[in-house]
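Worksheet: the structure to be examined is printed underneath.
The values are calculated or read from the model by the stated rules, or taken from the named source; none is laboratory data. Here the structure is a predicted model, which is why all the values come from computation and not from measurement. In this analysis, Cβ positions are derived from the backbone assuming ideal geometry, glycine residues included, and neighbour counts consider all displayed protein chains. These accessible areas exclude ligands, DNA and RNA; they are computed on the full protein's heavy atoms, side chains included. Shrake-Rupley method; radii C 1.70, N 1.55, O 1.52, S 1.80 Å.
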Amino acid sequence: MSATTTPDVPARGYAPAGKDNGIVKSKGTVNLPRPDGSEPVSHRARKPEWLKVRAPGSPNYLRLKELMRSQGLHTVCEEAHCPNIGECWESGTATFMILGDVCTRACKYCAVAHGMPTELDWDEPRRVADSVVTMGLEHAVITSVNRDELKDGGAGIYAETIRQIHERVPGCTVEVLIPDFKGNEDALRTVVEARPEILAHNIDTVERLSRLIRPGARYWRSISFLGAVKRMNPAQLTKSAIILGMGETEDEILQAMKDLREASVDILTLGQYLRPSEHHVPLDRWVHPDEFRRWKEIGERELGFGHVESGPLVRSSYHAKEQARTIDAGGPGSITQIVEADVESGASIDPEEAAIRAAMVTPPAPRLVQLGGLR
């Protein structure tokens, strides 16, 4: 295989198994430039011992899976093929994925379906809160797909979900992993004012690779989005994540960590990229656990992060409950104003498609009129 081609990949591109239904669209394919001429790791290569986990299947795992199905809910644990699903579900924790399971963006490392969402579920906050009650959670993690066709990107649904969990389960801490809402400051303020204990937004990769891997996002929009949170609420814990193994250099990793600290991000997670399919970004390398330990030390001792969770199997919500209860928020950093807001890209939605989506959105029920910011 050459550095610029991928063999035996159907031209139509990636769609998750079981979702090739006319709604989901191909993400296309991507091969990053490899200036050193090296070959990526084969998709069929055997994983190192430190990445092997046992298959899930405990009674509690099966119980949670049935609960999600009965409530019509989605989890990023399943949609993104998280390797920790067995450990987390067996301990009674899960990351809920709201706003549906079809994303308007086509990030080249992500296993979540890309395409045109067909509905907006106004009852979802109640059902998520019901599930938090049933599961007896002490810490609930909420994330979502991108919904770029909505005026507020789904921020109102996020805020209502936070409120309902806090009301229904006093003492339960809530972490939200939000999209960038295309830089919409009003949408961000809607979530901040709902008072989640942790507000996360992931940059996922270094600046050089960001446009190639996250075509609908912007690196500095994401950095400044996190910085703006601290301007709105200096006491808010903020968090981000970087995925290693997609072709970044050590200097670039260090610079990304410094950029996050300029936005006063409190918590950082670092984990290994695991390629979902041959349609996704090729794997550049397996990152050894020793390197992850070194990044943790650099982040905490040299750069001043309140906590760095770093390891091959670490994902954004890994050990999130402990973080919410033990880390103190820092004040605003030097970056506090959102930049590159609403910058269009090849992944943006054209007006005709936006009109189709808007026509498919179900109007809000009267009892949720406070979500009127959504369109």
Checklist line | Considering residues of the stretch 250-276 that are assigned to a loop (DSSP other than H, G, I, E, B) and either modelled with pLDDT of 95 or more or open to solvent by less than 20 Å² (accessible area, probe 1.4 Å) (or both) only, the residue nearest to ASP204 (Cα to Cα) | finding: TYR273
Next item on the list: Determine, yes or no, whether ASP180 is at pLDDT 95 or above, under 23 Å from GLU262 (Cβ atoms) and open to solvent by 10 Å² or more (accessible area, probe 1.4 Å).
Entry: no
Notebook entry, point to check: So which pairs qualify, if the first residue must be in the stretch 219-240 and closer than 27 Å to LEU209 by Cα and among the small types (Gly, Ala, Ser), the second must be open to solvent by 20 Å² or more (accessible area, probe 1.4 Å) and assigned to a helix (DSSP H, G or I), the Cβ gap must be under 7 Å, and the two must be at least 6 apart or on different chains?
Noted result: ALA228/GLU185
Check: How many residues are open to solvent by 10 Å² or more (accessible area, probe 1.4 Å) and either part of a helix (DSSP H, G or I) or farther than 18 Å from PHE96 by Cβ (or both) if we restrict to the stretch 196-213?
Finding: 5
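Taking the stated definitions as given, is GLU353 open to solvent by 20 Å² or more (accessible area, probe 1.4 Å), out of contact with any Pro (no Cβ under 7 Å at 6 or more places or on another chain), at pLDDT 60 or above and charged (D, E, K, R)?
no
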Check: On the given criteria, is VAL192 touching a strand residue (DSSP E or B) at 6+ places or on another chain (Cβ under 9 Å) and either open to solvent by less than 20 Å² (accessible area, probe 1.4 Å) or closer than 22 Å to THR238 by Cβ (or both)?
Finding: yes
Notebook entry, point to check: Out of the residues in the stretch 107-134 that are of a type in the set (A, V, I, L, M, F, W, C) and in contact with a Ser or Thr (Cβ under 8 Å, 6 or more places away or on another chain), which is modelled with the lowest pLDDT?
Noted result: MET116
Check: Considering only the stretch 212-239, how many residues are of a type in the set (Lys, Arg) and within 21 Å of THR104 (Cβ to Cβ)?
Finding: 3
Margin query: Residue under question is THR336, and the condition is that it be surrounded by fewer than 19 Cβ atoms within 10 Å (Cβ to Cβ), modelled with pLDDT of 65 or more and not in a helix (DSSP H, G or I); does it hold?
Written below: yes
Notebook entry, point to check: Restricting the search to the stretch 138-149, which residues are open to solvent by 10 Å² or more (accessible area, probe 1.4 Å), part of a loop (DSSP other than H, G, I, E, B) and either of a type outside the set (S, T, N, Q) or in contact with a helix residue (DSSP H, G or I) (Cβ under 8 Å, 6 or more places away or on another chain) (or both)?
Noted result: GLU138, ASP148, GLU149
Item checked: Selection count where residues are modelled with pLDDT under 85, open to solvent by less than 70 Å² (accessible area, probe 1.4 Å) and in a loop (DSSP other than H, G, I, E, B), scope the stretch 284-329 -> 4
Margin query: I need the full set of residues from the stretch 167-177 which are open to solvent by 50 Å² or more (accessible area, probe 1.4 Å) and not in a loop (DSSP other than H, G, I, E, B), in order please.
Written below: GLU167, ARG168
Next item on the list: Mind counting the residues in the stretch 280-303 that are under 23 Å from the mean Cα position of the chain (by Cα) and within 15 Å of VAL265 (Cα to Cα)?
Entry: 3
Note to self: What are the pairs with Cβ atoms under 6 angstrom where one residue, in the stretch 141-157, is over 14 Å from ASP342 (Cα atoms) and touching a residue at least 40 places away in the same chain (Cβ under 8 Å) and the other, located anywhere, is among the basic types (Lys, Arg) and buried (at least 24 other Cβ atoms within 10 Å of the Cβ)? Sequence gap at least six, or different chains.
What the structure shows: GLY154/ARG147
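Please go through the stretch 108-134 and give me each residue that is assigned to a helix (DSSP H, G or I) and either open to solvent by less than 20 Å² (accessible area, probe 1.4 Å) or aromatic (Phe, Trp, Tyr) (or both), ordered by number.
GLU124, PRO125, VAL128, ALA129, SER131, VAL132
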